[in-house]
Amino acid sequence: MADCTVRSNRDCQIDQHHRNQCQYCRLKKCFRVGMRKEAVQRGRIPPTHSSASPNTMPSGEYYNGQPVSELISQLLRAEPYPTARFSSQYAQQGSVMGIDNICELAARLLFSTVEWARNIPFFPDLPVSDQVALLRLSWSELFVLNAAQSALPLHMAPLLAAAGFHASPMSADRVVSFMDQIRIFQDQVEKLNRLQVDSAEYSCLKAIALFTPDACGLSDPAHVESLQEKAQVALTEYVRSQYPSQPQRFGRLLLRLPALRAVPASLISQLFFMRLVGKTPIETLIRDMLLSGSTFNWPYGTGQ
């Protein structure tokens, strides 16, 4: 155990502004949220170093004034756009967002998903074929999570217009079926909103969804599963430390992931991307985005 100076009554406030005032209470809080005791160097609070587990709590890694694991910190830093920039950039006060703006915003969300994956821990180290396989399988779940996080407008009328329902005649049964699928999408987003998922939790949920060993053709499914478990452990420790009065929160968050699969990828493609890319499969676009990186250009220039 490190030699720590004790101040006050061993119950100091530890946050972003007071974290250096009492080493004892700071170290105690780090242990409480999951830092391994063997990672502490004698006589000091340890900096981030390569021998520490990605889920340890290093000094200087804070979110909302609270210590977070290195993995969560890296997941948050990988987000290419500030969440608040998404919908506020297009929406006008009291108005429904226009079709073109909805489609452009959706393109930004999809592009940001790929950019985020390219910059998170572990994913870039996988074979490119595995990266493509993981994103091809999980992109629609990641899109729903991003849609909820960024408050993507999901009003029925402009979505139907974006999908081309006003441009071509369609049977009543098909319209009803399509509207039912949209309601499923809206319902999944609303359930995430009711949980008041924070940015750190969204990052962990996206990593858990991305690192799925169920993807076809993986070179080492067991390794991918171990990466998924790292994200689960990080989320468990984070929720336990940040929401101690909500013991059911971790389970409720995790149960949201299987439900996301109820939103068909084909629905998302037709709603948001038909006007941009026609019948080009989104999986093909994702592969191209992943391989070309920041040089990829959308028709609207959203990849810039």
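Of the residues making up segment 208-225, none is surrounded by fewer than 15 Cβ atoms within 10 Å (Cβ to Cβ), of a type in the set (Ser, Thr, Tyr) and out of contact with any helix residue (DSSP H, G or I) (no Cβ under 9 Å at 6 or more places or on another chain). Evaluate segment 211-224: report whether one residue or more is in a helix (DSSP H, G or I), under 17 Å from LEU76 (Cα atoms), at pLDDT 95 or above and among the β-branched types (Val, Ile, Thr). No: segment 211-224 contains no residue that is in a helix (DSSP H, G or I), under 17 Å from LEU76 (Cα atoms), at pLDDT 95 or above and among the β-branched types (Val, Ile, Thr). Taking each residue of segment 269-281 that is polar (S, T, N, Q) and looking for partners that are buried (at least 19 other Cβ atoms within 10 Å of the Cβ) and modelled with pLDDT under 75 with beta-carbon atoms closer than 7 Å, six or more apart or interchain, yields GLN270/ALA163. Contact map, segment 171-192: residues that are free of Cβ contacts under 8 Å to residues at least 60 places away in the same chain paired with residues that are surrounded by 17 or more Cβ atoms within 10 Å (Cβ to Cβ) and assigned to a helix (DSSP H, G or I), Cβ distance under 7 Å, separation 6+ or inter-chain. Pairs shown: VAL189/VAL144; VAL189/ALA147; VAL189/ALA148. All of (1) more than 22 Å from ILE120 (Cβ to Cβ); (2) in the same structural domain as ALA147 (by TED's automatic domain parsing); (3) modelled with pLDDT under 90 hold for ILE282 with one exception: (1).
Test GLN246 against the criterion of being over 30 Å from ILE182 (Cβ atoms), out of contact with any Cys (no Cβ under 7 Å at 6 or more places or on another chain) and without any contact (Cβ under 8 Å) to a residue 40 or more places away in the chain, and give yes or no. It is true that GLN246 is over 30 Å from ILE182 (Cβ atoms), out of contact with any Cys (no Cβ under 7 Å at 6 or more places or on another chain) and without any contact (Cβ under 8 Å) to a residue 40 or more places away in the chain. In the condition set (1) touching a helix residue (DSSP H, G or I) at 6+ places or on another chain (Cβ under 8 Å); (2) modelled with pLDDT under 95; (3) under 19 Å from GLU79 (Cβ atoms), GLN304 is compliant with all but (1).
The values are calculated or read from the model by the stated rules, or taken from the named source; none is laboratory data. Fair warning: this is a prediction, and the values are worked out from it, not measured in the lab. Neighbour counts are summed over all protein chains in view; Cβ atoms, including those assigned to glycine, are modelled from backbone coordinates with ideal geometry.
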